[in-house]
Amino acid sequence: MSRILNALRDGVGFDILLVGAALIFLLALAGAPLLYNVLMSFQQVDMFTLGALFRPFVGFDNYVAVVRQPEFWLVTRNTFIFVFGSMAGQFVLGFALALFFAQRFPGAATIRGLFLVSWVMPGLVVGAIWSWILAGDFGVLNVILKTFGIIDTNIFWKSDPNFSIWAVVIANIWLGLAFNMLLLSVGLAAIPRDLYEAAELDGANAFQRFWTITLPMMRSTIGAVLSLGLIGTLQQFDLFPALTEGGPANTSNVAGFWSWQLSFQLYDFAKGATVSVMMFLLVLFASVVYVRSTRHEVRG
Amino acid sequence: MTKPYTPWFLLAVALALAAVYLFPLYWMYVTSLKGSSEIFANPPTFWPRDPDTSVYPEVWARRTMPVYLWNSVVIASGVTAITVILGTGCAYVLARYRNVWIDIGLFCVLMLQVLPASVMVTPLFVGFNQVGLLSYPRTAVVLAAAAKAMPFFVVLVRATFMSVPRELEEAALVDGNSRIGAFFSIVLPLARNGILVCAILTFMSAFGEYIYSKSIIQSPNLQPASVGLSGFLGPNSSDWSGIMAYSAIYVTPILAAFVILQRRIVSGLTSGALK
């Protein structure tokens, strides 16, 4: 007994205790639910069997039923538009801003830091503000676009089926742009200055320097930022209830929000679990990329 | 290097970019100050004709904001407490050693960091229902949200611990301190600032928590401000000055804390998030 106490005070037991407490908590509230989710996707779950641990197994019936839902392909298409549209916007604009703020001028770091307010704001508030900016009749974005002659008639961002998914994409780009920029700035700052000076002496122009020095030197940063962007976009939920609620007619619905709707609005927990298992496979892919891109640091 | 532009020109461009980027925030405050007819003016006014703050106390009372905000504070405090207490020790150990087990632990934490809440909410709800936690909905939300917040906290705080010199801790051990003593009297005080910043970040994100609260908490008396806002939004809402005033009341404390701590938050994120 005293040996165990001593180990806790002085030996490896102390470390195991510290890690163990956190890992047990995480496994109970994240690992176990994940496995339970997979189990539920093969079971028949409804309001009557909600409290039961053992329910009738139905094999792949839930998966077949989900794929047969009329909105399945629409939601799949929207998920890809949302994910890749958001990632492309956040990354390209974030990279451009990071390059700009890498110049030396007074206040660069402070102004760059201010951009991050978008990231600390509650997602639902961001959604509410963009919902007002994107409003069809009185939204300020339509007014600005018309002033610059980009559009002639108002775009009903939230209620036009052709634009509804893009309304959420725009809000999500705004939300995640600053975080992308910040991480890319870190990568840029780590590139040794003399590389650029040497290249300039050899006559490389700005584009060549970007292509042959910046991009290759930032490969691991870009990998991490892109996979974090993918993960962050797949985690995005709050903008949907605030902006479009997946509508009109599911034209802005994505897997995450659909899964929640199936479970908590239609009380079809089996289908909700099935959709989220499908989505998790996508997340798994992203996380493998992310972990690979940070592995060199993990190994030390 | 020849520079055709001056730093002051760059500063002006930077300020312009920031103004464009932060326009949505400005628009929130401006809209909240407009009267009901001015809101729907065409073209919209970019500065309210006669700023009117009367919507603030009205929304505060009509939407029972004190109740919602108090619940947000309770939930965010609970999440932060659990995350800091359990996450700090975990981050410390993961930062101190290098072996296969640490790699596996870190891999688990990274994998848990990527799980979307929308994937977890269905099994958590059904599981909480089975163990009876749904009778204590705020506690259930705190547990669920803490599990979501902790991996990111661990990753960030681990970077802080890695910057604490090992030699100081070893010297304390040589001087006869126990591991516990060295941890509490040497390592923790040195990492205090980093931990504090990460705790504040955790609090900020938990303050905006929505999906678990919306799914798990049924009673309006226990719901946080995010759920209160969603009830205000609806597809046919037109009370935009009210919604913007609600949003402004909700986010102004977060924005103030962020602006005050901006430097520390940015440096904490940049040292941790990529490692």
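Any idea which of (1) within 19 Å of B:Ser267 (Cα to Cα); (2) part of a helix (DSSP H, G or I) is the one B:Glu170 doesn't satisfy?
(1)
A:Leu134 fails exactly one of the following numbered conditions: (1) more than 13 Å from chain B (Cβ to nearest Cβ); (2) touching a helix residue (DSSP H, G or I) at 6+ places or on another chain (Cβ under 6 Å); (3) under 28 Å from B:Phe23 (Cβ atoms). What is the number of that condition?
(1)
Yes/no matrix, rows are residues, columns are (1) within 9 Å of chain A (Cβ to nearest Cβ); (2) assigned to a helix (DSSP H, G or I):
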site	(1), (2)
B:Pro123	yes, yes
B:Phe153	no, yes
B:Leu156	no, yes
B:Gly176	no, no
B:Ala182	no, yes
B:Cys198	no, yes
B:Leu201	yes, yes
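Kindly list, by first and then second residue, each pair from a residue in region A:8-20 that is at the interface with chain B (Cβ under 8 Å from one of its Cβ atoms) to a residue that is outside any helix (DSSP H, G or I) and at pLDDT below 85, limited to pairs with Cβ atoms under 9 Å and residues at least 6 apart or on different chains.
A:Arg9/B:Ser178; A:Asp10/B:Ser178; A:Phe14/B:Ser178; A:Asp15/B:Tyr97
Identify all residues within region B:214-248 that are farther than 16 Å from A:Ala128 by Cβ and in a helix (DSSP H, G or I); write none if there are none.
Result: B:Ser215, B:Ile216, B:Pro220, B:Asn221, B:Leu222.
Can you tell me which residue among A:Ser227, A:Ser263 is closer than 24 Å to B:Gln218 by Cβ and among the hydroxyl-bearing types (Ser, Thr, Tyr)? Steps first, please.
Working: A:Ser227 fails: closer than 24 Å to B:Gln218 by Cβ.
When all the criteria are applied, what remains is A:Ser263.
Report the residue count in region A:24-48 for those that are exposed (fewer than 14 other Cβ atoms within 10 Å of the Cβ) and either in a helix (DSSP H, G or I) or on the phi > 0 side of the Ramachandran plot (or both).
Narrowing region A:24-48 to residues exposed (fewer than 14 other Cβ atoms within 10 Å of the Cβ): A:24, A:28, A:35, A:46-48.
From what's left, either in a helix (DSSP H, G or I) or on the phi > 0 side of the Ramachandran plot (or both): A:24, A:28, A:35.
Result for region A:24-48: 3.
Do you know which residues across region A:183-228 are crowded, with 19+ Cβ neighbours inside 10 Å and not in a helix (DSSP H, G or I)?
Correct list: A:Met218 only.
Where the second residue is surrounded by 14 or more Cβ atoms within 10 Å (Cβ to Cβ) and β-branched (Val, Ile, Thr) and the first is within 14 Å of chain B (Cβ to nearest Cβ) and lies in region A:49-66, which pairs have Cβ atoms under 8 Å and are six or more apart or on separate chains?
Partner pairs satisfying both residue conditions: A:Leu50/B:Val126; A:Arg55/A:Val45; A:Arg55/A:Thr49; A:Asn62/A:Thr274; A:Val66/A:Thr274; A:Val66/A:Val275.
So which residues in region A:38-62 are in contact with an Asp or Glu (Cβ under 9 Å, 6 or more places away or on another chain), closer than 17 Å to B:Phe128 by Cα and among the aromatic types (Phe, Trp, Tyr)?
Once the filter is applied, which keeps residues that are in contact with an Asp or Glu (Cβ under 9 Å, 6 or more places away or on another chain), closer than 17 Å to B:Phe128 by Cα and among the aromatic types (Phe, Trp, Tyr), region A:38-62 yields nothing.
Give the residue, chosen from A:Trp166, A:Trp174, that is out of contact with any Leu (no Cβ under 9 Å at 6 or more places or on another chain) and within 8 Å of another protein chain (Cβ to nearest Cβ). Talk me through it step by step, then tell me what you get.
Numbers: A:Trp166 fails: within 8 Å of another protein chain (Cβ to nearest Cβ).
Within the list A:Trp166, A:Trp174, the selection yields A:Trp174.
What about B:Val109, is it β-branched (Val, Ile, Thr), facing chain A (nearest Cβ under 8 Å) and buried (at least 21 other Cβ atoms within 10 Å of the Cβ)? Before you say what the answer is, go through the steps one by one.
Numbers: β-branched (Val, Ile, Thr): yes; facing chain A (nearest Cβ under 8 Å): yes; buried (at least 21 other Cβ atoms within 10 Å of the Cβ): yes.
It is true that B:Val109 is β-branched (Val, Ile, Thr), facing chain A (nearest Cβ under 8 Å) and buried (at least 21 other Cβ atoms within 10 Å of the Cβ).
Consider B:Cys90 carefully, then state whether it is out of contact with any Cys (no Cβ under 7 Å at 6 or more places or on another chain), assigned to a helix (DSSP H, G or I) and buried (at least 23 other Cβ atoms within 10 Å of the Cβ).
Details: out of contact with any Cys (no Cβ under 7 Å at 6 or more places or on another chain): yes; assigned to a helix (DSSP H, G or I): yes; buried (at least 23 other Cβ atoms within 10 Å of the Cβ): yes.
It is true that B:Cys90 is out of contact with any Cys (no Cβ under 7 Å at 6 or more places or on another chain), assigned to a helix (DSSP H, G or I) and buried (at least 23 other Cβ atoms within 10 Å of the Cβ).
Which pairs turn up if I take residues in region A:223-249 that are under 24 Å from A:Phe95 (Cα atoms) and look for partners that are at pLDDT below 90 and of a type in the set (Phe, Trp, Tyr) with beta carbon separation below 6 Å, at least 6 apart in sequence or on another chain?
Filtered contacts from region A:223-249: A:Ser227/A:Tyr290.
Can you tell me which residue within region A:114-124, out of those that are within 8 Å of another protein chain (Cβ to nearest Cβ) and touching a residue at least 60 places away in the same chain (Cβ under 8 Å), is farthest from B:Ala41 (Cα to Cα)?
The residue in question is A:Leu116.
Of the conditions (1) at the interface with another protein chain (Cβ under 9 Å from one of its Cβ atoms); (2) assigned to a helix (DSSP H, G or I); (3) buried (at least 23 other Cβ atoms within 10 Å of the Cβ), B:Ile254 fails just one. Which one is it?
Going through the list (1) at the interface with another protein chain (Cβ under 9 Å from one of its Cβ atoms); (2) assigned to a helix (DSSP H, G or I); (3) buried (at least 23 other Cβ atoms within 10 Å of the Cβ), B:Ile254 breaks only (3).
With the checklist (1) of a type in the set (Val, Ile, Thr); (2) under 16 Å from A:Asp268 (Cα atoms); (3) at pLDDT 90 or above in hand, flag the one item A:Thr76 doesn't pass.
Here A:Thr76 clears every test but (2).
Is there any pair with a first residue in region B:26-49 that is more than 10 Å from chain A (Cβ to nearest Cβ) and a second that is surrounded by 15 or more Cβ atoms within 10 Å (Cβ to Cβ) and hydroxyl-bearing (Ser, Thr, Tyr) whose Cβ atoms are under 6 Å apart and which are 6 or more apart or on different chains, and what are they?
Short answer, once both residue conditions are applied: B:Ser32/B:Ser241; B:Lys34/B:Ser241.
For region B:141-149, check the following and say yes or no: at least one residue is part of a helix (DSSP H, G or I), surrounded by fewer than 16 Cβ atoms within 10 Å (Cβ to Cβ), more than 7 Å from chain A (Cβ to nearest Cβ) and not hydroxyl-bearing (Ser, Thr, Tyr).
no
Residues are listed down the side, and each one gets a yes or a no for (1) under 20 Å from B:Ala16 (Cβ atoms); (2) touching a Pro at 6+ places or on another chain (Cβ under 7 Å); (3) at pLDDT below 85:
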position	(1), (2), (3)
A:Ala102	yes, no, no
A:Ser118	yes, no, no
A:Trp132	no, no, no
A:Phe148	yes, no, no
A:Ile151	no, no, no
A:Pro161	no, yes, no
A:Leu177	yes, no, no
A:Leu182	yes, no, no
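Can you find, within region B:112-121, the residue that is farthest from the other protein chains (Cβ to nearest Cβ) among those that are touching a residue at least 24 places away in the same chain (Cβ under 8 Å) and not hydrophobic (A, V, I, L, M, F, W, C)?
Step one: list which residues in region B:112-121 are touching a residue at least 24 places away in the same chain (Cβ under 8 Å), which gives B:112-113, B:115, B:117-118, B:120-121.
Still in the running and not hydrophobic (A, V, I, L, M, F, W, C): B:113, B:118.
Values: B:Gln113: 8, B:Ser118: 4 Å.
Restricting to residues being touching a residue at least 24 places away in the same chain (Cβ under 8 Å) and not hydrophobic (A, V, I, L, M, F, W, C), the top hit is B:Gln113.
Determine if region A:138-161 includes at least one residue that is without any contact (Cβ under 8 Å) to a residue 60 or more places away in the chain, more than 8 Å from chain B (Cβ to nearest Cβ), surrounded by 19 or more Cβ atoms within 10 Å (Cβ to Cβ) and closer than 19 Å to A:Phe237 by Cα.
Yes, the conditions are met somewhere in region A:138-161.
Kindly provide the set of residues from region A:230-253 that are β-branched (Val, Ile, Thr), in a loop (DSSP other than H, G, I, E, B) and facing chain B (nearest Cβ under 9 Å), ordered by number.
Once the filter is applied, which keeps residues that are β-branched (Val, Ile, Thr), in a loop (DSSP other than H, G, I, E, B) and facing chain B (nearest Cβ under 9 Å), region A:230-253 yields only A:Thr244.
The values are calculated or read from the model by the stated rules, or taken from the named source; none is laboratory data. Predicted model only: the values in this text are computed from it and were never measured. Note that each Cβ is placed from the backbone with ideal geometry, even for glycine, and that neighbours are counted across all protein chains shown.
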